[in-house]
Amino acid sequence: MSISAAQAQPEPFEPDSHLAITEAQRRQFDEDGFFLIENALKPKRVERLLEVVDKLSDRFRKAHGTPADAPYQIRNALAHHKELFRLIDYRKILRLVVDVMGVNIQIRTSHVDVRPPMKDHAVGELGASGSFFPWHSDAPNYGYPITNGAIPFLEVKVGYYLTDLTELNSGAICVVRGSHRLSPELIHDPDYRIEPEDIVEVNVKPGTAMVWRTALWHCLTPNLSDRTRKCLYYGYNYRWARPGDYDRQDARLLARCTLVQRQLLGSNTTEDGVVYQDGDPAHPASRFWRPEPGDVPLEAWAEKQRHKRMQKEWRRWKKTNTLPPYAVGAPAEPTP
């Protein structure tokens, strides 16, 4: 006798606890130190961002006297245009950052990178010491501490690539897969050789994003194409660490922020950075180290995103597990 679908033992309902990351992305992030998201930005948004980058680059170059054919960076870019600001909490990507870092985070840096074609470039060894862009891992002056031969996990960067980098030697970033697990001191060892098969030239189409550990060794290929390479980088670190290209954001900018945006810009719910635990003046505590209620609104945001994903997975589960409501073994729909 056959058993009807309504009577059959259902598959277990096991929702993913992550907001967006897949198991393959998680594995690649842990092992290689990065993963790519194709079509992270839609073409129209890429166009808008390119217009912004061009206008800002022209303005700052003229103010600083930088030639048009020289590479140029704009730091704390989020403060210079609303289109750049909007990316700090871009839902599609922020969920991935929270998945790999947690919710107690802030923006350490945001920058525009513009690299025109290189004229009269003498091709040499990629990332060689003394070259135009040698191998390195991101760190403050004096470096991050090295523990058990590697840099602890302290930061993630998101790169948004706005121009076509599919051609070799078009100014794309190169990373050494797995190098976040190595000591950065090896980069400066003249006897150390990076295995060629571990070098990944990130040749991607416009609109692609890369989520990567900044402890990864990275460099740039020379831009020998006929196109200017343009991209954006947003670095996220923990709230108890200092930002890299700002101390405190402008009060007028903070006043326009949502609570989540304020957190990501390194601000508490108020500007009082110290509290006294239980009102005892002998026990002061930084709110970046000991957050007060409301100081990490990203936590509630993440919980809302997690619930949305759970509901979506439950609806998918129901399509293949046709038990009637309230039947034994049928989980209840997640409540709002």
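Each value in this text was obtained by applying a stated rule to the coordinates, not by laboratory testing. Nothing here was measured: the structure is a model prediction, and the numbers come from that model. Because the Cβ atoms are built from the backbone with ideal geometry, glycine has one as well, and the counts that use them run over all protein chains shown.
Calculate the FRET efficiency for ARG61 and THR320 from the Cβ-Cβ distance with a Förster distance of 56 Å, rounded to the nearest 0.05.
After rounding to 0.05, the efficiency reads 0.45.
Which value at 222 nm does the chain reach when only helices count, each DSSP H run of 4 or more adding -39,500 (n - 2.57), with the total divided by all residues and rounded to the nearest 500 deg cm²/dmol?
-7500 deg cm²/dmol
Where the only charges are on Cβ atoms (+1 Lys, Arg; -1 Asp, Glu), what is the dipole of the chain about its Cα centre, to the nearest 20 debye? Before the final figure, lay out each step's value.
Working: 45 positive and 44 negative charges, 303 e Å.
Dipole about the Cα centre, nearest 20: 1460 debye.
Report, in listed order, any pair from LYS62/LYS119; LYS44/LYS319; LYS157/LYS319; LYS157/LYS308 with a Cα-Cα distance greater than 31 Å.
As for pairs spanning more than 31 Å Cα to Cα, those are LYS44/LYS319; LYS157/LYS319.
Once phi is turned into ³J(HN,Hα) by the Karplus curve 6.51 cos²θ - 1.76 cosθ + 1.60 with θ = phi - 60°, what whole-Hz value does each residue of region 122-136 show in order, with x for glycine and proline?
Using θ = phi - 60°, the values come out as 8, 5, x, 5, 4, x, 5, 4, x, 6, 5, 7, x, 4, 6 Hz.
May I ask you to list the aspartates and glutamates whose Cα is less than 19 Å away from that of LYS230, ignoring any residue fewer than eight positions away on the same chain?
List returned: GLU38, GLU47, GLU51, ASP54, ASP58, ASP69, GLU83, ASP113, ASP164, GLU167, GLU201.
Straight-line reach from LYS318: which aspartates and glutamates have a Cα under 17 Å away, not including same-chain ones fewer than 8 places off?
GLU11, GLU14, ASP16, GLU333
With P(r) over Cα pairs in 20 Å bins from 0, in percent as the read-out, I listed [x] 26, 52, 20, 3, 0; [y] 30, 60, 10; [z] 33, 57, 10; which label goes with the value calculated from this structure?
The value matching this structure is [x].
For TRP240 paired with ALA70, estimate the spin-label separation in nm (one decimal), with each label point 7 Å from Cα along the Cα-to-Cβ line.
That separation, rounded to one decimal, is 4.1 nm.
To make sure I understand the rule: partners must be lysines, Cα under 27 Å from the Cα of LYS312, and not fewer than 8 residues away in the same chain. Which ones qualify?
Qualifying lysines at Cα under 27 Å: LYS42, LYS92, LYS304.
Please work out the Cα center distance from region 37-74 to region 237-267, rounded to the nearest Å.
Each part reduced to its Cα centre gives a spacing of 23 Å.
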